[in-house]
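The values are calculated or read from the model by the stated rules, or taken from the named source; none is laboratory data. Predicted model, so just to flag it, every value in this text is computed and none were measured. Here the Cβ is made from the backbone with ideal geometry for all residues, glycine too, and neighbour counts use every protein chain on show.
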């Protein structure tokens, strides 16, 4: 692709993301909130609970974990970089036409998909580049760089272990050097954890909590739900399926079997945890884009015509929202969209806190509302960024259910919480699920008596420490 084409691709990705200029999605706010705590001099796993691997918040440090245009610019740059990595592989393996298809398909499907998934630079999305790079270097016969990239993928998302499995498909007998490369970034993490005293917290928060999370799905019939959601994904990504079918049906290529096995490994990664959230399907996207790009190039003009028709499916489903959001920004209107109602509640709570807060004040957010940390940029006044480890109820269900998945752990953490005195508390869970409101726990009632209710906004109750002075 020529520089002009890359410029247009970047401009399109940026324009789409700027439509979300005044919005935040919860999955991008969790690593951003962790990055803000790091900027306050605190370390994950040791000083505050963070149940994801460490690279995502480090990425957010690159732009100071700021929302608004820095975040959206970073998103557009990431989409362009992911498209470039996929295009490089397709071009080197097949040719320029396949490279152009790969770049275009990547940029398209990282724009026209579920907004909360494609907008958020969350671990599943951030893993696309190291995932693709790892398998690419395995295909190129460079197992050590491949292993390093797979190791970095694991430091972004624990599902990166499936990236290593995909690399083994292409690495042949070089599994030893692949394993060496994989070990290098992980050994660096071990050294960091040992040097900072963060090791026990890392094991508890990322792996033990992550294992509990993966074993306790809220989906009643996981297999049936997985088939249903995968069929839905396939419908909106039909152009990739068309291209993959053309790829497998038109010519004999030695890599076909390996690409097929890679797709199966990626499907296993999607299914891990039995939840099938839209963002999980990013694990399947690189291999499907590569096979789709090759198949569409082989299909020629007919393939291109069919692709344009099939691309209308996601375009018509997700495209109009960009126009509505852009019109709202131009006219200075509030976004009227049910998907962002909780974010708007968080924004109201954050504005009220900032009216009364000093820069040195601290905050506890009860619920899974990390966007309040991003908007206030206050330090956490406790070791917890959300209430999952305090209620034991996982965030994928805590708005409607109150059954704890880890009751003993939650009770221990609540007793620990009573040792801290954040200046502000936002209960962003109780208004949605009164059974999990912060004032319903007996062991917290004496502690909460030291606070006064400052205000209520739709979806949140704000408390302030009684002994704190005014701004």
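For the stretch 17-55, filtering for residues that are outside any helix (DSSP H, G or I) and more than 30 Å from residue 111 (Cα to Cα) leaves 10. Of the residues making up the stretch 158-179, those that are more than 22 Å from residue 257 (Cα to Cα) and surrounded by 15 or more Cβ atoms within 10 Å (Cβ to Cβ) are 158, 159, 177, 179.
Please specify each residue of the stretch 80-98 satisfying the condition of being over 9 Å from residue 290 (Cα atoms) and part of a helix (DSSP H, G or I).
Taking the stretch 80-98 first, the residues over 9 Å from residue 290 (Cα atoms) are 80-85, 88, 91-97.
80, 81, 82, 83, 84, 85, 88, 91, 92, 93, 96, 97 - these are the residues of the stretch 80-98 that are over 9 Å from residue 290 (Cα atoms) and part of a helix (DSSP H, G or I).
Within the stretch 271-286, residues that are farther than 17 Å from residue 240 by Cα reach partners that are at pLDDT below 85 and assigned to a loop (DSSP other than H, G, I, E, B) with beta carbons closer than 7 Å, at six or more positions or on different chains, in the pairs 273/217; 274/217; 274/219; 275/217; 275/219. Of everything in the stretch 356-395 that is without any contact (Cβ under 8 Å) to a residue 40 or more places away in the chain and over 25 Å from the mean Cα position of the chain (by Cα), the residue that is nearest to residue 416 (Cα to Cα) is 360. Restrict the check to the stretch 236-246 and report whether at least one residue is part of a helix (DSSP H, G or I) and under 21 Å from the mean Cα position of the chain (by Cα). Within the stretch 236-246, one or more residues are part of a helix (DSSP H, G or I) and under 21 Å from the mean Cα position of the chain (by Cα). Counting only strands (runs of 3 or more DSSP E) that sit wholly inside the stretch 387-471, those with at least 1 residues that are surrounded by fewer than 20 Cβ atoms within 10 Å (Cβ to Cβ) are 451-457, 460-465.
Residues checked against (1) surrounded by 22 or more Cβ atoms within 10 Å (Cβ to Cβ); (2) not assigned by TED's automatic domain parsing to the domain that holds residue 122:
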{"position": "274", "(1), (2)": "no, no"}
{"position": "282", "(1), (2)": "yes, no"}
{"position": "290", "(1), (2)": "yes, no"}
{"position": "300", "(1), (2)": "no, no"}
{"position": "304", "(1), (2)": "no, no"}
{"position": "311", "(1), (2)": "no, no"}
{"position": "314", "(1), (2)": "no, no"}
{"position": "330", "(1), (2)": "no, yes"}
{"position": "335", "(1), (2)": "no, yes"}
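Against the list (1) modelled with pLDDT under 95; (2) surrounded by 15 or more Cβ atoms within 10 Å (Cβ to Cβ); (3) farther than 30 Å from residue 217 by Cβ, the condition residue 359 fails is (2).
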